[in-house]
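Asker: Can you keep this structure in mind? I'll have questions shortly.
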Amino acid sequence: MKAGIVGLPNVGKSTLFNCLSNAKAQSANFPFCTIEPNIGVVNVPDPRLQKLEELVNPERVMPATVEIVDIAGLVKGASKGEGLGNQFLANIRETDAILHVLRCFEDDNIVHVDGSVDPIRDKETIDMELQLKDLETTEKKLDKVKRAAKTGNKEAQKEEAILLKIKENLEAGISVRALEFSEEDYEEFVQPTQFITDKPVMYVCNVDEGSATTGNAFVEKVREAVKDENAEVLVLAVGTEADINELDDYEERQMFLADIGLEEPGSAKLIRSAYKLLNQQTYFTAGVKEVRAWTVNVGATGPQAAGVIHTDFEKGFIRAEVIAYEDYVQYGSEAKVKEAGKMKVEGKNYIVKDGDVMHFLFNV
Ligand SMILES: Nc1nc2c(ncn2[C@@H]2O[C@H](COP(=O)(O)OP(=O)(O)OP(=O)(O)O)[C@@H](O)[C@H]2O)c(=O)[nH]1
Ligand SMILES: [Mg+2]
C-alpha cells in the first residue's frame with residue numbers, strides 16, 4: 001500500500017517528500033524538477049510504541065512503515081500528454097491514495113506554472129486532468145461492453161449503465177469517489193478498474209512559516225471548496241519543516257518547531273493521516289527481544305494479521321492471545337493483564353482492532 005504525492009509542478013512535493021523520508025529527492029525552483037518517481041519507506045510515528053518500550057524494555061523497537069511516492073508535477077493537458085503527461089498519470093494509478101499538495105504560500109521567487117497563487121484553480125486543474133484520464137478509461141471500457149450489452153447480456157447491460165453513470169459525472173467534473181453504488185456493483189464493476197479519481201484523497205496546504213498552526217486565507221478557501229468531499233485538509237509549512245529537518249540535533253529541532261508553534265512536526269501528523277487514508281491499522285507484538293508495530297488492513301482477521309509476520313503463521317494459525325493496548329498500559333505487563341483476566345484468546349474469525357497487542361499460537 002502506498003500514498004502518492006500529487007500536485008502542480010513546483011508546489012513543494014519533493015520538499016514534502018524529503019520532510020517525510022530520509023531518501024533525499026531532488027528539489028529545486030523550477031517546474032518538472034522531478035521526473036522519475038521517488039519512493040520512500042517512512043516510519044509511522046506512534047507514541048504507543050514508546051509507552052510499550054518503557055514497560056517491556058526490549059532490545060529493539062520497530063515502528064510500522066508506510067510507502068510514500070513523490071510523483072512528477074501535472075499540468076493542464078497532462079491527460080493528453082502535455083508536460084510530461086501520461087507517464088505521470090500511470091505513476092499515480094499505481095498508488096492507493098493521493099496526497100494532493102496545494103501551494104498556499106506567497107513567494108515571488110518561487111515560480112508558479114500558472115503565474116499566481118490560487119489553490120482552488122490549481123486543485124481544479126489537477127482534478128480535471130485526473131477526471132479526463134478516467135474518462136478515457138471509461139470510454140474504452142464502454143466501447144468493449146456495448147456490443148455484449150446489445151446482444152442482451154444482462155451483466156454487460158448492468159456494466160454499461162454503471163459506466164454511463166461514471167462517464168456523465170466525470171464530464172460534469174465529478175470524481176468517481178463522490179458517486180454512490182451498491183456494494184455489489186462497486187465490487188464487481190467499479191473497484192477492479194482502479195479509477196484514479198476513486199482513490200482516497202487528502203489535501204496538504206503548503207503554507208508560509210507564520211501560518212503553520214493557524215492556516216491562512218488560502219487554506220480557508222480550500223476548506224470551503226472541499227467541504228463536501230469528506231476529505232482531510234492538513235496545513236503544513238513544508239519549506240520551514242524541511243529546513244528544521246536538516247538539523248541533526250533533536251533538541252534543536254524541537255526548539256525551532258516550538259518557535260513556529262508546533263509540538264511535533266506537521267509531517268508526523270501527515271504520515272499518520274496517510275496511514276489512515278490507506279485504510280491501515282497497527283497491532284503490536286511485545287517481547288523482550290523486540291517491541292514492534294505491524295500493519296494490517298482495517299478489518300483483517302487474526303490469521304491475516306499473523307500472516308504479516310510470516311506466511312507460516314497464517315497457514316498454521318491456531319489462536320491468538322490478545323491484549324488491548326489500554327489494558328496493557330493499565331496493568332503494566334502481560335503477566336498482570338493475565339492475572340486480571342483481561343487477556344483474550346481469539347480464533348480464526350477474530351477481527352483485529354487497532355492497538356491490539358498480539359501473540360500467535362500456530363503449528364507448522
Ligand atoms: N517559500 C517557500 N518555498 C517552498 C516551500 N516549499 C517548497 N518551496 C520551494 O519551491 C521550490 C519547488 O519545490 P519542489 O519540492 O522541488 O517542488 P515539486 O512540487 O516537487 O516540483 P516538481 O518536481 O517540479 O513537480 C523549491 O525551490 C523549494 O525550496 C514553502 O513552503 N515555502
Ligand atoms: Mg518534485
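Asker: Which of the following residues is on the phi > 0 side of the Ramachandran plot and within 16 Å of ligand 1 (Cβ to nearest atom): PHE32, PHE88, PHE17? Walk me through how you get there before you give the answer.
Answerer: Details: PHE88 fails: on the phi > 0 side of the Ramachandran plot; PHE17 fails: on the phi > 0 side of the Ramachandran plot.
The unique qualifying residue is PHE32.
Asker: Can you tell me which residue within region 209-247, out of those that are among the basic types (Lys, Arg) and surrounded by fewer than 16 Cβ atoms within 10 Å (Cβ to Cβ), is farthest from LEU102 (Cα to Cα)?
Answerer: LYS227
Asker: Looking for something among the hydrophobic types (A, V, I, L, M, F, W, C), touching a residue at least 40 places away in the same chain (Cβ under 8 Å), out of contact with any Pro (no Cβ under 7 Å at 6 or more places or on another chain) and farther than 24 Å from VAL44 by Cβ - is there at least one such residue anywhere in region 273-284? Show your work before the answer.
Answerer: To start, the set of residues in region 273-284 that are among the hydrophobic types (A, V, I, L, M, F, W, C) comprises 274, 277-278, 284.
Next, only the ones that are touching a residue at least 40 places away in the same chain (Cβ under 8 Å) stay: 274, 277-278, 284.
Filter again for out of contact with any Pro (no Cβ under 7 Å at 6 or more places or on another chain), leaving 274, 278, 284.
Add one more test, that the residue is farther than 24 Å from VAL44 by Cβ, and what stays is none.
Among the residues of region 273-284, not one is among the hydrophobic types (A, V, I, L, M, F, W, C), touching a residue at least 40 places away in the same chain (Cβ under 8 Å), out of contact with any Pro (no Cβ under 7 Å at 6 or more places or on another chain) and farther than 24 Å from VAL44 by Cβ, which makes the answer no.
Asker: Looking at (1) within 16 Å of PRO9 (Cβ to Cβ); (2) within 16 Å of ligand 2 (Cβ to nearest atom); (3) buried (at least 21 other Cβ atoms within 10 Å of the Cβ), can you tell me which one VAL75 breaks?
Answerer: All conditions pass for VAL75, except number (3).
Asker: State whether the residues of region 106-120 include one that is more than 13 Å from ligand 2 (Cβ to nearest atom), touching a residue at least 60 places away in the same chain (Cβ under 8 Å) and crowded, with 22+ Cβ neighbours inside 10 Å.
Answerer: Checked region 106-120: at least one residue is more than 13 Å from ligand 2 (Cβ to nearest atom), touching a residue at least 60 places away in the same chain (Cβ under 8 Å) and crowded, with 22+ Cβ neighbours inside 10 Å.
Asker: Among the residues that make up region 349-362, is at least one of them assigned to a strand (DSSP E or B), surrounded by 14 or more Cβ atoms within 10 Å (Cβ to Cβ), modelled with pLDDT under 95 and of a type outside the set (Ser, Thr, Tyr)? Please lay out each step first, then the result.
Answerer: Quick first cut of region 349-362, residues assigned to a strand (DSSP E or B) only: 351, 357-362.
After this cut, where a residue has to be surrounded by 14 or more Cβ atoms within 10 Å (Cβ to Cβ) as well, the list is 357-360, 362.
When the remaining residues are screened for being modelled with pLDDT under 95, the result is 362.
Add one more test, that the residue is of a type outside the set (Ser, Thr, Tyr), and what stays is 362.
Yes, there is a match, as at least one residue in region 349-362 is assigned to a strand (DSSP E or B), surrounded by 14 or more Cβ atoms within 10 Å (Cβ to Cβ), modelled with pLDDT under 95 and of a type outside the set (Ser, Thr, Tyr).
Asker: How about region 1-55: which of its residues are within 21 Å of the chain's Cα centre (by Cα), basic (Lys, Arg) and over 16 Å from LEU99 (Cβ atoms)?
Answerer: Within region 1-55, LYS24, ARG48 meet the criteria.
Asker: Could I ask something else about it? Could you identify the single residue in PRO58, PRO45 that is closer than 19 Å to ALA268 by Cβ, part of a loop (DSSP other than H, G, I, E, B), more than 9 Å from ligand 1 (Cβ to nearest atom) and in contact (Cβ under 8 Å) with a residue 24 or more places away in the chain? Let's see the steps before the verdict.
Answerer: Working: PRO58 fails: closer than 19 Å to ALA268 by Cβ.
When all the criteria are applied, what remains is PRO45.
Asker: What are the residues in region 28-42 that are farther than 20 Å from LEU89 by Cα, free of Cβ contacts under 8 Å to residues at least 60 places away in the same chain and within 13 Å of ligand 2 (Cβ to nearest atom), if any?
Answerer: ALA28
Asker: Next question, about the same structure. Tally the residues that are surrounded by fewer than 16 Cβ atoms within 10 Å (Cβ to Cβ), of a type in the set (Gly, Ala, Ser) and assigned to a loop (DSSP other than H, G, I, E, B), restricting the search to region 171-200.
Answerer: Qualifying residue count for the region: 3.
Asker: In region 1-59, which residues are over 27 Å from VAL117 (Cβ atoms) and either hydrophobic (A, V, I, L, M, F, W, C) or crowded, with 19+ Cβ neighbours inside 10 Å (or both)?
Answerer: Here is the first cut: in region 1-59, the residues over 27 Å from VAL117 (Cβ atoms) are 1-2, 22-23, 36, 39-59.
Correct list: MET1, ALA23, ILE39, GLY40, VAL41, VAL42, VAL44, ASP46, LEU49, LEU52, LEU55, VAL56.
Asker: Still on this structure, I have one more. Here are some conditions: (1) in contact with a strand residue (DSSP E or B) (Cβ under 6 Å, 6 or more places away or on another chain); (2) farther than 30 Å from GLU334 by Cα; (3) away from ligand 2 (no atom under 16 Å from the Cβ); (4) part of a helix (DSSP H, G or I). ILE92 meets all but one. Which one does it not meet?
Answerer: The failed condition is (3).
Asker: For ASN18, all conditions in the list (1) more than 9 Å from ligand 2 (Cβ to nearest atom); (2) outside any helix (DSSP H, G or I); (3) polar (S, T, N, Q) hold save one; what is the number of the exception?
Answerer: (2)
Asker: Run down GLY12, GLY73 and say which single residue is farther than 21 Å from LYS269 by Cβ and either in contact (Cβ under 8 Å) with a residue 24 or more places away in the chain or touching an Asp or Glu at 6+ places or on another chain (Cβ under 7 Å) (or both). Show your work before the answer.
Answerer: Numbers: GLY12 fails: farther than 21 Å from LYS269 by Cβ.
It is GLY73.
Asker: So in region 61-72, with the set limited to residues that are in contact with a strand residue (DSSP E or B) (Cβ under 9 Å, 6 or more places away or on another chain) and near ligand 1 (Cβ under 9 Å from one of its atoms), which one is farthest from TYR325 (Cα to Cα)?
Answerer: Initial filter on region 61-72 (in contact with a strand residue (DSSP E or B) (Cβ under 9 Å, 6 or more places away or on another chain)): 61-71.
Narrowing further to those that are near ligand 1 (Cβ under 9 Å from one of its atoms): 70-71.
Working: ASP70: 34, ILE71: 36 Å.
The qualifying residue farthest from TYR325 (Cα to Cα) is ILE71.
The values are calculated or read from the model by the stated rules, or taken from the named source; none is laboratory data. Bear in mind that the values here come from a model prediction, so they are computed numbers and not experimental data. Methodologically, a virtual Cβ is constructed for each residue, glycine included, from the backbone with ideal geometry; neighbour enumeration extends over all protein chains shown.
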